[in-house]
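Every number in this text was worked out from the coordinates using simple rules, so none of it is lab data. Remember, predicted model here, so these are calculated numbers, not experimental data. Glycine gets a Cβ as well: all are built from the backbone with ideal geometry, and neighbour counts include every protein chain shown.
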Amino acid sequence: MEVTGIIIAGGRSSRMGQDKALLEIEGATMLERTYITLQQATQRVIVVTRDDQGYEQDSMEAVSDIYPGMGPLSGIHAGLSASTTEWGIVVACDMPFVQLEVLQALLVLTEKWAASKGAAESPLQAVIASVAGRMHPLLGVYHRSVLPSAEERLRNKRLRLTEWLETLNVRYATIADMPGVTENIWHNAVFNMNNPQDYKLVLEQFRKD
Ligand SMILES: Nc1nc2c(ncn2[C@@H]2O[C@H](COP(=O)(O)OP(=O)(O)OP(=O)(O)O)[C@@H](O)[C@H]2O)c(=O)[nH]1
C-alpha cells in the first residue's frame, strides 16, 4: 500500500519548556528519529509544523499548518493535504518508543480492513491505535477522505480529535489485531513526552536498554 508518513511537530511544547521535536535521545533528535522510522515504512515523509520552524533545513520535507496553531488536528489536516497518496500514517514527534514493526503492523491492518468491508458499508477512513481502552489519534492511519470534515472542524474551531473521530468511519487497532507486536512494544508506542520529567524517564529507559 502506498502511504505517506506524516510527523506532527507544530506544538508549542509549553510544558516541556523547549521544542519537543528537538529533544535528543542517543545523539539524534526526536524529529530525526521519527523521520527515520517512518522513512523505513513509507514512500515519503512530511513534517508538519505550526509555521516556518526551519526543519526543512535538515533535508526533511516540511509543510506548515494551513490553519496554524490549532493543535494536532491542524497537523493531520495539513499533512494529508500535502500527501499524494490515499493514506497517510500519522505519528507525533514526541513519541520516543514508536517502532517500525508497529507502523508496519498498522499498515497491514489498514489494508486488510479497507479491503474487507462489505458492499453496504461505507469505506474505512482511519485506523487508530487503542491501548488499554484508550484511543491515541496521534498514532494512526488516515484516509484522505477525512479532509473535508477536518477542514470543517478547523473552520469552526471544534478541535477535539476524539470528538472528530466519532464522526468518521474509524476502526480501533488493539494489541489483539497486531500479530508480531508484543504487549510491551504496543503499550510503549503510544507513550508521549509532555514535560521534563517524562524526558528524563525516557533517557533513563534508553540508558538501561
Ligand atoms: N502541526 C501542528 N502540530 C501540533 C500543533 N499542536 C500540537 N502539535 C503536535 O501534536 C503533538 C501533541 O502535542 P501536545 O503535547 O498536545 O501539545 P504541545 O503544544 O506540543 O505541548 P504543550 O504546549 O505542552 O501542550 C506534538 O507532536 C505537537 O508537536 C499544531 O498546532 N500544529
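Overview of values
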read-out: Residue order, fewest to most surrounding Cβ atoms within 10 angstrom, among H77, H143; value: H143, H77
read-out: The chain, relative contact order [Cα under 8 Å, separation at least 6], %; value: 25 percent
read-out: Gain in span if fully extended, A132 to E86, counting 0.36 nm per residue against the direct Cα distance; value: 13.7 nm
read-out: Per-peptide average of other Cβ atoms within 10 Å, ordering 155-163, 100-108, 87-95, 19-27 highest first; value: 87-95, 100-108, 19-27, 155-163
read-out: Paramagnetic reach from Q104 in segment 1-22 [backbone N under 14 Å; point 7 Å along Cα→Cβ]; value: 1
read-out: Sum of -39500 (n - 2.57) over DSSP H runs of 4+, divided by residues of the chain (222 nm, nearest 500); value: -10500 deg cm²/dmol
read-out: Share, in percent, of DSSP beta bridges within the chain that are antiparallel, nearest 5; value: 40 percent
read-out: Dipole axis of the chain (+1 Lys, Arg; -1 Asp, Glu on Cβ), positive-most option in T162, V141, L109; value: T162
read-out: Cα-centred dipole magnitude for segment 1-159, charges only on beta-carbon of K, R (+1) and D, E (-1), debye, nearest 20; value: 680 debye
read-out: Kirkwood Rh, Cα atoms: Rg over Rh of segment 95-143; value: 1.01
read-out: Cα-Cα P(r), segment 129-172, percent of pairs per 5 Å interval; value: 5, 20, 33, 26, 11, 5, 1
read-out: Difference of contour (0.36 nm per residue) and Cα-Cα distance, A115 to I36; value: 25.6 nm
read-out: Whole-Å distance, taken between Cα centres, linking segment 136-209 and segment 1-35; value: 14 Å
read-out: Rounded to whole Å, sorted largest first: equivalent-ellipsoid semi-axes of the chain, Cα gyration tensor; value: 25, 21, 16
read-out: D209-N195 pseudo-label distance in nm [points 7 Å out on the Cα-to-Cβ vector]; value: 2.4 nm
read-out: Under 29 Å between alpha carbons - lysine pairs in the chain that sit 8 or more apart or on different chains; value: 4
